[in-house]
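K.L.:
Can you keep this structure in mind? I'll have questions shortly.
The values are calculated or read from the model by the stated rules, or taken from the named source; none is laboratory data. For clarity, every value in this text was computed on a predicted model and none was experimentally measured. Cβ placement follows ideal geometry from the backbone for every residue including glycine, while neighbour counts extend to all protein chains displayed. Only protein heavy atoms, including side chains, enter the accessible area calculation; ligands, DNA and RNA are left aside. Shrake-Rupley method; radii C 1.70, N 1.55, O 1.52, S 1.80 Å.
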Amino acid sequence: MVMTERFDPATADIRWQRVWDERQSFRADDASARPRSYVLEMFPYPSGRIHIGHVRNYTMGDVLARYKRMKGFEVLHPMGWDAFGMPAENAAMEKGVHPGGWTRENIANMKAQLKRLGFALDWSREIATCDPEYYGHEQALFLDLYAAGLVYRKESAVNWDPVDMTVLANEQVIDGRGWRSGALVEKRKLSQWFLKITDFADELLEGLGGLDDWPEKVRLMQENWIGKSQGLRFRFRIENASAGLPDGFPDSFEVFTTRPDTLFGASFAAIAAEHPLALALAEKDAAAAAFIEECRKGGTTAAEIETAEKHGYDTGLTVAHPLDPAIRLPVYIANFVLMDYGTGAVFACPAHDQRDLDFARKYGLPVRRVVADGDRTDAVFPGDEAYTGPGRLVNSGFLDGMDVEAAKAAVIARAEREQWGSGETQYRLRDWGVSRQRYWGTPIPFIHCGACGVVPVPREQLPVTLPEDVDFKTPGNPLLRHSTWKDVACPQCGGAAQRETDTLDTFVDSSWYFLRFASQPVDKPFDREEIARWLPVEQYIGGIEHAILHLLYARFWTRALKRIGRIDVAEPFASLFTQGMVTHETYSRADPANGQPVFFTPGEVERGADGATLKADGAPVEVGRVIKMSKSKKNVVDPDEIVATYGADAIRWFMLSDSPPERDLPWSESGIEGCGRFVQRLWRLFAQYDAAVAGDDRPLDRKRDQIVVAVAEDIEALSFNKAVARIYELASAIEKAPPSASRSQAIRTVLLLVAPMMPHLAEEAWATIGEGLVADAAWPAVDAALLVEDEVTVAVQVKGKLRDTLTVAKGTAREELEALALASDKVQRALDGAEVRKVIVVPDRLVNLVA
RNA sequence: GCGGACGUGGCGGAAUGGUAGACGCAGCGGACUUAAAAUCCGCUUGGGCAUCCCAGUGCGGGUUCGAGUCCCGCCGUCCGCACCA
């Protein structure tokens with residue numbers, strides 16, 4: 001076969017994609033004896049079109065999966081669809097289509113787009129969470145968790161989104177607004193299904209410690225989300241309850257503190273404005289009522305509250321210090337105390353808490369040092385900066401001399417002994433409400449019977465499938481008014497009963513899909529032994545936006561399934577990688593009518609060296625910052641168009657080049673053009689392969705082997721930008737080298753190195769150079785002896801400044817290096833007659849002469 | 001305000017405490033061509049007529065024979081946030 005002058009992706013891409021399909025090249029073999037590798041990217045929501053962020057995400061995973069195959073692993077690299085969710089219902093309402101039809105059409109389109117990119121995916125394991133074959137098993141697992149006591153119902157105030165007509169998790173409410181609709185959230189009381197994630201708070205927190213290959217940032221975010229704090233809960237007795245409290249109101253209140261060690265530094269107590277005690281006082285005290293009303297104003301975000309000035313209202317009440325009843329502390333209502341956390345009341349130690357100090361200085365309250373700051377031990381605490389560091393306790397009676405941790409334990413022990421308080425662990429994490437008042441989700445498999453109460457759907461009746469004949473002309477959940485689906489006989493008593501019409505949060509669907517990918521029996525969710533063979537996922541790749549919710553829920557489900565004995569792994573994802581976004585500058589003009597910016601797509605704009613003009617009228621547009629691609633800002637490019645113009649390999653190569661994968665990748669037209677040119681450049685290089693040429697080129701052999709090793713390391717570290725740079729380097733070196741057997745070997749090697757990244761080009765060239773498919777080829781072997789350089793360049797410095805370099809044999813003796821350095825003209829000139837007082841020699845690296 | 005990350009050419013970025021700017025993009029010059037595209041060769045941190053030198057990794061200090069890298073203090077940008085006691 002003679003190689004054509006140009007590589008034609010339009011024909012080659014599709015040809016090889018068909019070959020891979022027909023041969024099922026990327027089908028994972030459950031029975032394989034090879035070592036296994038499970039590479040997974042977060043599966044997409046089928047919104048309709050693949051966007052450039054997907055391309056980046058899946059290209060990274062694909063390079064790793066293909067590389068692992070070349071290294072001899074049996075690779076599981078599956079793909080599926082997170083197919084339930086609100087956009088389908090929104091489309092149903094807006095366009096009058098069925099959510100299922102809309103979703104399945106989107107899946108078909110996006111699957112074709114993914115295939116067009118040549119990803120090495122095992123499509124035989126494709127999952128759509130909206131298929132009864134999937135969600136029926138989810139219902140069974142939900143019943144298992146129910147049987148294990150990890151699912152319960154409770155009447156509770158929920159976040160009601162009046163636009164989407166659904167309940168939102170606390171985590172899904174952003175600034176009091178629905179995270180999708182942006183509507184102001186109202187409080188409503190409904191009977192809801194909950195998962196007991198709080199039972200796992202400690203486990204989930206502890207487990208983070210073993211996730212060494214997760215980004216520190218994500219672990220920290222989860223840690224803060226779980227929000228464990230240990231401290232002391234104790235009761236303050238009110239000394240002068242008669243001074244304003246209603247008759248019969250408790251004459252004490254509880255506080256929680258994480259700093260019981262600083263108790264002797266207490267100078268006042270503070271309660272939240274919504275605290276029952278504050279509300280009780282407000283009944284008789286108009287000034288207190290006014291203060292509470294004032295506290296309700298202002299924003300609720302942390303930034304707003306933090307910068308707001310501290311305000312307090314002296315209630316006139318005093319409480320007794322638990323360790324020394326002679327000490328009386330005033331009680332304030334304060335705007336910086338939160339009702340939601342702990343007990344809604346605190347004791348304040350101004351010397352060692354910044355907020356308390358700000359407050360104390362403002363209201364002239366005592367500030368007593370109880371933790372030594374180095375040598376500073378006197379009780380009088382100066383300045384406006386609280387000391388929160390470690391140290392010995394001072395001015396604290398029986399605690400004096402202890403360190404902070406010992407003092408905490410001592411106070412808790414005494415409180416428990418004297419029965420005025422107890423050590424307590426607090427979590428911020430709350431149970432996970434999974435009920436959604438929506439049609440397009442997994443039906444919750446329960447039946448409500450007037451006589452029997454809430455009854456699980458019998459196993460043999462699963463799956464509870466969604467009815468197809470629904471309409472969305474009326475707002476609200478169509479399941480509620482679908483009587484033939486909703487009205488059923490009670491499984492227990494046979495009487496008239498109703499199905500649960502709520503469906504599950506879609507985060508449930510994505511909390512176990514990685515298990516179903518690994519094992520897909522018909523009669524059960526998964527097979528325990530097969531899970532044990534594939535899990536945990538070796539490398540999980542996705543966006544940082546899932547750092548908390550999805551990843552925490554998936555960890556919870558995995559642990560819950562382990563606890564009830566269904567699987568043996570505790571953590572689903574051994575290594576996590578969060579990739580950066582694809583960004584582009586924006587183009588806009590102010591709308592003359594209202595001054596709002598009107599955005600234009602990159603295709604509508606002609607970009608010049610210092611500005612941009614609109615193609616339509618030739619007049620300038622404003623060039624905005626480089627930000628994440630989004631439809632609303634129109635700074636998007638369509639992957640399909642790029643593939644049509646440059647081919648799949650060029651866009652894949654662009655996704656891997658230049659920017660480190662965890663950082664944002666700025667899209668550029670010239671960048672993708674450069675990638676397209678490089679594809680052709682490699683094609684021309686591959687055409688120069690000639691097995692008949694003889695002769696060695698040792699330096700080229702060495703370069704080749706060094707780069708093979710380096711590229712492997714880079715891919716394993718997901719440092720694709722570095723791997724790409726090294727491949728450029730090798731390609732350039734080969735182009736400059738004269739013909740030889742070594743050169744032909746190096747060309748063959750470059751082909752194998754780029755095979756995971758540009759698989760179509762590689763297959764096309766391999767068809768003339770190699771045997772079989774490059775998809776089945778092995779990673780190139782290297783000669784270990786060649787990896788070691790026999791000649792090195794040594795830097796020569798005078799007083800730490802580079803003056804010359806020496807090219808010497810590796811391992812040249814120190815004395816010889818020193819002599820060679822001193823013999824250099826440049827060195828002598830720099831020394832300018834000065835006496836060398838000291839010589840530092842790092843063999844094979846440098847000589848530093850200190851004059 | 002708190003927590004985290006980051007700060008290197010025109011741009012994206014390389015650099016186990018040891019030759020700063022690999023590699024790519026853009027730009028400039030040249031070759032080829034009737035011409036253009038494509039391709040190939042060369043240059044490309046700033047300054048000084050420079051095969052030579054000076055300065056240079058946000059700013060100011062420090063440690064070290066030697067600092068982009070380590071330490072301290074600032075400044076700036078981005079991300080997250082729940083005053084979590």
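K.L.:
Among the residues of region A:158-171, is any in a helix (DSSP H, G or I), modelled with pLDDT of 95 or more and not aromatic (F, W, Y)? Working first, answer last.
P.N.:
Taking region A:158-171 and keeping what is in a helix (DSSP H, G or I), we get A:170-171.
The next check asks that each one be modelled with pLDDT of 95 or more; those that pass are none.
No; the residues of region A:158-171 include none that is in a helix (DSSP H, G or I), modelled with pLDDT of 95 or more and not aromatic (F, W, Y).
K.L.:
Return the total of residues in region A:714-734 being more than 10 Å from RNA strand B (Cβ to nearest atom) and open to solvent by 50 Å² or more (accessible area, probe 1.4 Å).
P.N.:
1
K.L.:
Are there any pairs, at least 6 apart or on different chains, whose C-beta atoms fall under 6 Å, with the first in region A:371-394 and among the acidic types (D, E) and the second open to solvent by 40 Å² or more (accessible area, probe 1.4 Å), and if so, which?
P.N.:
Hits for this filter: A:D373/A:Y387.
K.L.:
Here's a follow-up. Among the residues of region A:639-651, which ones are away from RNA strand B (no atom under 13 Å from the Cβ) and surrounded by 15 or more Cβ atoms within 10 Å (Cβ to Cβ)?
P.N.:
Residues satisfying the conditions are A:P639, A:D640, A:I642, A:V643, A:G647, A:A648, A:D649, A:I651.
K.L.:
Hey, can you tell me all the residues within region A:579-619 that are in contact with a Pro (Cβ under 8 Å, 6 or more places away or on another chain) and part of a loop (DSSP other than H, G, I, E, B)?
P.N.:
Scanning region A:579-619 gives A:G580, A:D591.
Condition check ((1) away from RNA strand B (no atom under 15 Å from the Cβ); (2) within 26 Å of A:L504 (Cα to Cα); (3) open to solvent by 20 Å² or more (accessible area, probe 1.4 Å)) across all residues:
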residue	(1), (2), (3)
A:S191	yes, yes, yes
A:T198	no, yes, yes
A:A201	no, yes, no
A:L205	no, yes, yes
A:L208	no, no, no
A:E216	no, no, yes
A:M221	no, yes, yes
A:I226	no, yes, no
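K.L.:
With the structure loaded, tell me whether A:R607 is in contact (Cβ under 8 Å) with a residue 60 or more places away in the chain and open to solvent by 30 Å² or more (accessible area, probe 1.4 Å) or whether it fails that test. Walk me through how you get there before you give the answer.
P.N.:
Working: in contact (Cβ under 8 Å) with a residue 60 or more places away in the chain: yes; open to solvent by 30 Å² or more (accessible area, probe 1.4 Å): yes.
In short, yes.
K.L.:
Still on this structure: Residue by residue through region A:15-41, note down the ones that are hydrophobic (A, V, I, L, M, F, W, C) and open to solvent by less than 70 Å² (accessible area, probe 1.4 Å).
P.N.:
Within region A:15-41, A:W16, A:V19, A:W20, A:F26, A:A28, A:V39, A:L40 meet the criteria.
K.L.:
Moving to a separate point now. Within 41 Å of the chain's Cα centre (by Cα), free of Cβ contacts under 8 Å to residues at least 60 places away in the same chain, crowded, with 20+ Cβ neighbours inside 10 Å and part of a helix (DSSP H, G or I): which single residue out of A:F686, A:F678 fits that description?
P.N.:
A:F678 is the lone residue from the list that is within 41 Å of the chain's Cα centre (by Cα), free of Cβ contacts under 8 Å to residues at least 60 places away in the same chain, crowded, with 20+ Cβ neighbours inside 10 Å and part of a helix (DSSP H, G or I).
K.L.:
Having 2 or more residues that are surrounded by 14 or more Cβ atoms within 10 Å (Cβ to Cβ) is the bar; report the strands (runs of 3 or more DSSP E) wholly within region A:405-500 that clear it. Can you show your working first?
P.N.:
Details: elements: A:421-426, A:446-449, A:453-456, A:487-489, A:496-499.
Hits in region A:405-500: A:421-426, A:446-449, A:453-456, A:496-499.
K.L.:
Which of the residues spanning region A:383-399 are open to solvent by 80 Å² or more (accessible area, probe 1.4 Å) and part of a loop (DSSP other than H, G, I, E, B)?
P.N.:
Hits for region A:383-399 are A:D384, A:E385, A:T388, A:P390.
K.L.:
Any residue in region A:823-841 that is under 16 Å from A:A795 (Cα atoms) sitting within a Cβ distance under 7 Å of a residue that is more than 10 Å from RNA strand B (Cβ to nearest atom)? List the pairs, counting only those 6 or more apart or interchain.
P.N.:
Hits for this filter: A:V827/A:A821; A:V839/A:E818; A:V841/A:R814; A:V841/A:L817; A:V841/A:E818.
K.L.:
Using beta carbons and a limit of 8 Å, which pairs, at least six apart or on different chains, have the first residue in region A:104-123 and more than 23 Å from A:R516 (Cβ to Cβ) and the second one among the hydroxyl-bearing types (S, T, Y)?
P.N.:
A:L117/A:Y58; A:L117/A:T59
K.L.:
Residues to consider are A:K634, A:K628; find the one that is touching a residue at least 12 places away in the same chain (Cβ under 8 Å), crowded, with 18+ Cβ neighbours inside 10 Å and of a type in the set (K, R).
P.N.:
Selected residue: A:K634, the only one of A:K634, A:K628 that is touching a residue at least 12 places away in the same chain (Cβ under 8 Å), crowded, with 18+ Cβ neighbours inside 10 Å and of a type in the set (K, R).
K.L.:
Let me ask you something else. Kindly list, by first and then second residue, each pair from a residue in region A:788-799 that is farther than 17 Å from A:E815 by Cα to a residue that is within 9 Å of RNA strand B (Cβ to nearest atom) and part of a strand (DSSP E or B), limited to pairs with Cβ atoms under 9 Å and residues at least 6 apart or on different chains.
P.N.:
A:E791/A:T807; A:K799/A:N848; A:K799/A:L849; A:K799/A:V850
K.L.:
Being away from RNA strand B (no atom under 14 Å from the Cβ) and either assigned to a loop (DSSP other than H, G, I, E, B) or surrounded by fewer than 21 Cβ atoms within 10 Å (Cβ to Cβ) (or both) is the filter here, so list the residues in region A:319-360 that pass it.
P.N.:
Result: A:A320, A:H321, A:P322, A:L323, A:D324, A:P325, A:A326, A:I327, A:R328, A:P330.
K.L.:
All but one of (1) open to solvent by less than 40 Å² (accessible area, probe 1.4 Å); (2) within 23 Å of A:L718 (Cβ to Cβ); (3) not polar (S, T, N, Q) hold for A:L614; state the number of the condition that does not hold.
P.N.:
For A:L614, the failing item is (2).
Residue-by-condition table, conditions (1) more than 16 Å from the chain's Cα centre (by Cα); (2) within 16 Å of RNA strand B (Cβ to nearest atom); (3) surrounded by fewer than 21 Cβ atoms within 10 Å (Cβ to Cβ); (4) of a type outside the set (A, V, I, L, M):
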site: A:P536; (1), (2), (3), (4): yes, no, yes, yes
site: A:Y553; (1), (2), (3), (4): no, yes, no, yes
site: A:A570; (1), (2), (3), (4): yes, no, yes, no
site: A:G580; (1), (2), (3), (4): no, yes, yes, yes
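K.L.:
In region A:779-812, which residues are aliphatic (A, V, I, L, M) and either closer than 30 Å to A:E716 by Cα or in contact with a Pro (Cβ under 8 Å, 6 or more places away or on another chain) (or both)?
P.N.:
If the condition is that a residue be aliphatic (A, V, I, L, M) and either closer than 30 Å to A:E716 by Cα or in contact with a Pro (Cβ under 8 Å, 6 or more places away or on another chain) (or both), then A:A781, A:V782, A:A784, A:A785, A:L786, A:L787, A:V788, A:V792 are the ones that fit.
K.L.:
Please specify each residue of region A:506-547 satisfying the condition of being in contact (Cβ under 8 Å) with a residue 40 or more places away in the chain, among the charged types (D, E, K, R) and closer than 25 Å to A:H54 by Cα.
P.N.:
Matches in region A:506-547: A:D509, A:R516, A:E538.
K.L.:
Something else now. Mind checking which residues of region A:462-481 are of a type in the set (S, T, N, Q) and modelled with pLDDT of 90 or more?
P.N.:
Across region A:462-481, the qualifying residue is only A:T465.
K.L.:
Name every residue in region A:815-851 that is under 55 Å from the mean Cα position of the chain (by Cα), more than 11 Å from RNA strand B (Cβ to nearest atom) and either among the β-branched types (V, I, T) or under 16 Å from A:T805 (Cβ atoms) (or both), in order of residue number.
P.N.:
Listed by number, the residues that qualify are A:E816, A:L817, A:E818, A:L820, A:A821.
K.L.:
Ok, one more. Which condition number does A:E545 fail, the rest of (1) modelled with pLDDT of 95 or more; (2) charged (D, E, K, R); (3) within 16 Å of RNA strand B (Cβ to nearest atom) being met?
P.N.:
Here A:E545 clears every test but (1).
K.L.:
If you take the residues of region A:250-264 that are assigned to a helix (DSSP H, G or I), closer than 13 Å to A:H321 by Cα and under 40 Å from the mean Cα position of the chain (by Cα), which of them is farthest from RNA strand B (Cβ to nearest atom)?
P.N.:
A:L263
K.L.:
Can you tell me which of (1) surrounded by fewer than 20 Cβ atoms within 10 Å (Cβ to Cβ); (2) touching a helix residue (DSSP H, G or I) at 6+ places or on another chain (Cβ under 8 Å); (3) at pLDDT below 95 is the one A:S511 doesn't meet?
P.N.:
Failing condition for A:S511: (1).
K.L.:
Do we have any residue at all in region A:695-707 that's outside any helix (DSSP H, G or I), at pLDDT 95 or above and away from RNA strand B (no atom under 16 Å from the Cβ)?
P.N.:
No, region A:695-707 contains no residue that is outside any helix (DSSP H, G or I), at pLDDT 95 or above and away from RNA strand B (no atom under 16 Å from the Cβ).
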